[in-house]
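The values are calculated or read from the model by the stated rules, or taken from the named source; none is laboratory data. Predicted model only: the values in this text are computed from it and were never measured. No Cβ is skipped: glycine too gets one built from the backbone with ideal geometry, and neighbour counts run over all protein chains shown. Accessible surface is based on the protein model in full, side chains and every heavy atom, while ligands, DNA and RNA are left aside. Shrake-Rupley method; radii C 1.70, N 1.55, O 1.52, S 1.80 Å.
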Amino acid sequence: MDCTTARKSLTALEAGDLTGEDARRLRLHLAACKACRFGMDDGAIPELLPALDECIEPSADLGARFHERLMRHRAGRADSGVSAVPRLEGLRRWIMARRLSLAALTAGVVICAIIAGTYLRRGSQGEAIPAEQAIAENLPLLEDLQVISHLELLEEFEDIEKLSPESSLVH
Amino acid sequence: MTAASDQDTRLMLAFREGSLEAFEELFSRHAYAIVNYAYRFVRDRAVAEELAQEVFLRVHDAAGSYRPSARFSTWLYRIATNVCLNEVRRPRFKARHDSLDAETTDPGAEPRIQIRDANPDPEAQAARLDLVRMLRGALQALPEKQRVAFILNKYAELSYTEVAEVMNTSEKAVKSLIHRAKEGLASKLRPLIKEIG
């Protein structure tokens, strides 16, 4: 790069309009050319820094070392049950972050299904099965889902317990 | 997007589908830049290489959150900036680098001075290395955000828009940070410029 081009390009460099290879060549010219350098405004001088500063070459074995470290890292994640496939890992994290909400949603769906089934099912004589009877029949399932403690029917729980021979809560 | 950034996006998407080779290709493409980026903060090659590896392990773990609409390098530098700032904020780092006149901690690093030195004289070389140390000190003396913005824009050659994305701030704020960084550096650098042969 000649000095005329360098001095014309300096304003663009200061404004951030000169980037990439053009900026690099200009900085190198300015750092090497005393005449151009001494003509620079104070505000432009820091533009020289990348050309004057040191660069380092990474170690020749950096790639190999990183590969080893990556393999150990992936093995560690596999041991702790983390998916090696990033997309599945993202899904797993989404589910874990929302597990309480998902559990509550599942419990709600089950309760709605039970209640809906209560009004759709008919006994042998065609009459509706009382709600308490339906819940008692499904008590073990509701216990597994830890839904019991959230039910408003808790105050009638003793009566429900007596109806279900399978519940572990029956003393 | 440039052809290079298209390639990065393709490699990242391939990795998300399970290709480890694609991920290691990304490492090869960006390791030099990230090692040197980290070096601007820690000035120790071994530490810079450790930090660069940490950056790519985080890229590996966070690949599920990568969005192809964003430039890969912007996302990469955001992760790199967080890793480097975490390192320089550690008490052990501050204790080691408190003095602006501290010598490099890695005598084997053999820093490569970019400008072609017409004068191979050992005394001139020594003077140039002293200059590099003073430049380093001037940069280290900047407040953290100004230093980050300046390094991203001038060393890593990110545009103001990209710097703003990395730093999660506005373009206007980035311009202000860089302007103040240059003001802080200019007064320290002016006397040093005359010393370059």
Open item on the list: I'd like the full set of residues that are more than 8 Å from every other protein chain (Cβ to nearest Cβ), open to solvent by 10 Å² or more (accessible area, probe 1.4 Å) and not basic (Lys, Arg), limited to the range A:18-46.
Closed with: A:Leu18, A:Glu21, A:Asp22, A:His29, A:Cys33, A:Ala35, A:Gly39, A:Asp41
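When you look at B:Phe27, is it modelled with pLDDT of 95 or more, over 12 Å from the mean Cα position of the chain (by Cα) and farther than 20 Å from B:Leu152 by Cβ, yes or no? Reasoning before the result, please.
Numbers: modelled with pLDDT of 95 or more: yes; over 12 Å from the mean Cα position of the chain (by Cα): yes; farther than 20 Å from B:Leu152 by Cβ: yes.
Yes.
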Task: Residues satisfying the stated conditions in the range B:54-110, i.e. in contact with a helix residue (DSSP H, G or I) (Cβ under 8 Å, 6 or more places away or on another chain), in a helix (DSSP H, G or I), open to solvent by 80 Å² or more (accessible area, probe 1.4 Å) and at pLDDT below 85 - done: B:Lys94
Task: Residue match in the range A:1-17 (condition: surrounded by fewer than 18 Cβ atoms within 10 Å (Cβ to Cβ), at the interface with chain B (Cβ under 9 Å from one of its Cβ atoms) and polar (S, T, N, Q)) - done: no
- [ ] Within the range B:140-177, count every residue that is more than 12 Å from the chain's Cα centre (by Cα) and of a type outside the set (Val, Ile, Thr).
- [x] 21
Open item on the list: Looking only at the range B:122-164, how many residues end up being under 15 Å from A:Ala15 (Cα atoms) and open to solvent by 40 Å² or more (accessible area, probe 1.4 Å)?
Closed with: 3
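Residue-by-condition table, conditions (1) β-branched (Val, Ile, Thr); (2) at the interface with chain A (Cβ under 7 Å from one of its Cβ atoms); (3) within 19 Å of the chain's Cα centre (by Cα):
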| position | (1), (2), (3) |
| --- | --- |
| B:Gln7 | no, no, no |
| B:Gly18 | no, yes, no |
| B:Phe23 | no, no, no |
| B:Tyr32 | no, yes, yes |
| B:Val35 | yes, yes, yes |
| B:Arg43 | no, no, yes |
| B:Val47 | yes, no, yes |
| B:Leu57 | no, yes, yes |
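Could you list, in sequence order, all residues of the range B:144-169 that are among the hydroxyl-bearing types (Ser, Thr, Tyr) and outside any helix (DSSP H, G or I)?
Selection gives B:Ser159, B:Thr169.
Taking the range B:126-136 as the region of interest, how many residues are over 13 Å from A:Leu52 (Cβ atoms) and either within 13 Å of chain A (Cβ to nearest Cβ) or in contact (Cβ under 8 Å) with a residue 24 or more places away in the chain (or both)? Break it down into steps so the answer makes sense when it comes.
At the first step, the residues of the range B:126-136 found to be over 13 Å from A:Leu52 (Cβ atoms) are B:126.
Filter once more, keeping what is either within 13 Å of chain A (Cβ to nearest Cβ) or in contact (Cβ under 8 Å) with a residue 24 or more places away in the chain (or both): none.
Qualifying residue count for the region: 0.
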Open item on the list: What are the pairs with Cβ atoms under 8 angstrom where one residue, in the range A:47-71, is more than 7 Å from every other protein chain (Cβ to nearest Cβ) and under 13 Å from B:Glu50 (Cβ atoms) and the other, located anywhere, is of a type outside the set (D, E, K, R) and surrounded by fewer than 19 Cβ atoms within 10 Å (Cβ to Cβ)? Sequence gap at least six, or different chains.
Closed with: A:Arg65/A:Ser59
